[in-house]
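Report on the structure given below.
The values are calculated or read from the model by the stated rules, or taken from the named source; none is laboratory data. Worth saying up front: this structure is predicted, and the values here are computed from it rather than measured. Ideal geometry is used to build each Cβ from the backbone, glycine not excepted, and the neighbour counts take in all protein chains shown. Note: areas computed on protein heavy atoms with side chains; ligands, DNA, RNA excluded. Shrake-Rupley method; radii C 1.70, N 1.55, O 1.52, S 1.80 Å.
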Amino acid sequence: MIVDSNVFHGFTALVKQAIAQAGYPECSPVIELPRDENHGNWTTPVAMMIAKSQSMAPRVVAEKIIPFLARHDDILKADVAGPGFINVTMKPAFWQAQIAKILNAGLSYGESNLGGNIGVNIEYCSANPTGPMHTAHARGTCLGDALANLLSKVGYKVTREYYINDAGNQIDVLARSTFLRYREALGQDIGEIPAGLYPGEYLKDVAQSLVARDGDRWLSADEAERTAAIKDFAMNFLLDKIKQDLADLHVAMDVFTSEKKLRESGAVEACLHMMTEQGLVYRGVLEPPKGKAAPEDWEPKEQTLFRATEFGDDIDRVLVKADGGYAYRLPDIAYHLDKFKRSGPIMITVVGADHSGWVKSILAAVAAVTDRKAQFSVKMVAMVNTLDNGKPVRMSKRAGTFVTLNDIVERVGGDVMRFVMLSRSPDQVIDFDFAKVVEQSKENPVFYVQYAHARCYSVMRQAKESDFDLSHLESADTSLLNDDDELRLIRKIAGWGRLIEQAAQAQEPHRIVYYLQDVAATFHALWNKGSECTTLRFIREDAPAVSLARLAMVKAVATTIASGLKVLGIEAVKEMRS
């Protein structure tokens, strides 16, 4: 019997065994799911893979492997199709046996050691502490957190990291903007907010808290002392708000790294020194790109340049400007080097689409300073269009220029926001319609999946009311589950282990959303079939053994959905409320 709890692993091992028994060299077979159920449960082109090395016709190879597959206890039939595909259909008993495995695993169902406890650092969210988190931050946060959960589920040792950009011009602008609101809080007329400063009313809260702590002491203070004090106060106030937003989403970061502290530690100078020692920098004049507008940091003067083109970038990049000041990318490089030393080679950073010009540059830099040892990737999230009944919602009163993460959570809840933000590939634009995402209809995928889980628990409650003993469902006689739609549902939930490993390898949490929608649709279809045909109802008092088998299946569906929602960071509700 196949005993691996991941049916894909078990079948792969079986195919490898048949290949060896047929006398062919060892290989790693590709296993796929047929698009047409009439072509079996599994299909593999392994005969074509072997035929190439053996100088044989693929169908001949397949015909030699098939008898060793067909004799296996779990296989109903195996045949050759097309140019040499091997199609395999498993016996119903094989699928029926998966129910007990799922129930015994519980919420750990789908876990594996694919990652081998290898360390992975995922940096996400990382909103500048100059204002509230907005929709782009929300999407990046949902993606990063789900990706962290996903990789943890399959055995990676994940570190969740937030990089605080608390140095640079944007923090100076924050200090000036806060001082203006501070004066306003003390009764002064500040007039219109000058261009270049942050206009959002959220700074009123910062200013009022500053007044509560310090009174009017900063009105007459030395400018340098005032700016430093207000900068720290405002930044910490807003960072606390960001942390509260993350807590409301049940996001718990493992590490908060400060750019300011990184600079103060000497890490930036050390990074530059190392790059100089290794010949990664030179003194030169950077030519502006031909046919394009010159970059902001270009000037026809000798500067310290990074040999970025040797590592895949389009142009060499400025690290130290002519006046001796650091270009913004040097602390960035130092940060990634620091992260590499702390966390190991696998690093993932989630950013908004507005960072597209930064990606090639940082990939080149990380490759250079880690001697190409880092496995570094950048996930960019596309924009989110916020709508209400199809009409654009362009800004928040509090933020002044954008819709905040808090606006969304307050209106629809964190779970709904997460599901929608993860419902598309990150590079696809999302239309987030406040009215649509809370609709209780099958057209709303959030509701449809949550409703499937709640329906499962509704069945369990009804069973308890009918005095069914649900304490040992893993021992139910699942051989009684013979309807085609029952077997189809079982096959669907039995594929969770393979699906989650594929999603992890591709680093694509949205695959889980699609899978859960598919499971929910298959379950709802079976429910509806039972409504039309009484013999297929989950609970039949005239057939207690059949009922227990179906209840075991229903609980396994609930377990699978809950396991998937947990990876997405979403609560699996047991009862729907309007």
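Only one entry in Lys339, Lys379, Lys360 is within 27 Å of the chain's Cα centre (by Cα), in a strand (DSSP E or B) and charged (D, E, K, R), namely Lys379. Taking the criterion of being aliphatic (A, V, I, L, M) and assigned to a loop (DSSP other than H, G, I, E, B), the residues of region 402-453 that qualify are Val403, Leu422, Val429, Ala435. Selection of region 219-256 for residues being touching a Phe, Trp or Tyr at 6+ places or on another chain (Cβ under 6 Å) and surrounded by fewer than 19 Cβ atoms within 10 Å (Cβ to Cβ) yields Arg226, Phe256. Here Ser53 clears all of (1) at pLDDT below 95; (2) within 39 Å of the chain's Cα centre (by Cα) except the condition numbered (2). Scanning region 264-285 for residues that are within 18 Å of Ala308 (Cβ to Cβ) and assigned to a loop (DSSP other than H, G, I, E, B) yields Gln278, Gly279, Leu280, Val285. Of the residues making up region 78-102, those that are surrounded by fewer than 16 Cβ atoms within 10 Å (Cβ to Cβ), within 17 Å of Val46 (Cα to Cα) and either touching a strand residue (DSSP E or B) at 6+ places or on another chain (Cβ under 9 Å) or small (Gly, Ala, Ser) (or both) number 2.
Restricting attention to region 35-55, the residues that are within 14 Å of Asp79 (Cα to Cα), assigned to a loop (DSSP other than H, G, I, E, B) and either touching a residue at least 60 places away in the same chain (Cβ under 8 Å) or open to solvent by 30 Å² or more (accessible area, probe 1.4 Å) (or both) total 1. Whether any residue in region 110-118 is open to solvent by 10 Å² or more (accessible area, probe 1.4 Å), under 25 Å from Asp232 (Cα atoms) and not hydrophobic (A, V, I, L, M, F, W, C) is what I want to check. No. Of all residues in region 4-33, those being within 25 Å of the chain's Cα centre (by Cα) and among the hydroxyl-bearing types (Ser, Thr, Tyr) number 1. Looking at the structure I just gave you, is Glu277 without any contact (Cβ under 8 Å) to a residue 60 or more places away in the chain, among the acidic types (Asp, Glu) and open to solvent by 60 Å² or more (accessible area, probe 1.4 Å)? For Glu277, the condition - without any contact (Cβ under 8 Å) to a residue 60 or more places away in the chain, among the acidic types (Asp, Glu) and open to solvent by 60 Å² or more (accessible area, probe 1.4 Å) - is met. Scanning region 410-430 for any residue that is open to solvent by 70 Å² or more (accessible area, probe 1.4 Å) and either within 19 Å of Tyr162 (Cα to Cα) or polar (S, T, N, Q) (or both) turns up at least one such residue. State whether one or more residues within region 211-218 are of a type in the set (Asp, Glu), open to solvent by less than 60 Å² (accessible area, probe 1.4 Å), more than 34 Å from the chain's Cα centre (by Cα) and farther than 30 Å from His9 by Cβ. Yes, some residue in region 211-218 is of a type in the set (Asp, Glu), open to solvent by less than 60 Å² (accessible area, probe 1.4 Å), more than 34 Å from the chain's Cα centre (by Cα) and farther than 30 Å from His9 by Cβ. Looking only at region 262-280, decide whether some residue is more than 25 Å from Tyr124 (Cα to Cα) and among the charged types (D, E, K, R). Looking for residues that are more than 25 Å from Tyr124 (Cα to Cα) and among the charged types (D, E, K, R), one finds at least one in region 262-280, hence yes. Per this entry, Thr141 is not counted among residues that are touching a residue at least 24 places away in the same chain (Cβ under 8 Å), of a type in the set (Val, Ile, Thr) and open to solvent by 10 Å² or more (accessible area, probe 1.4 Å).
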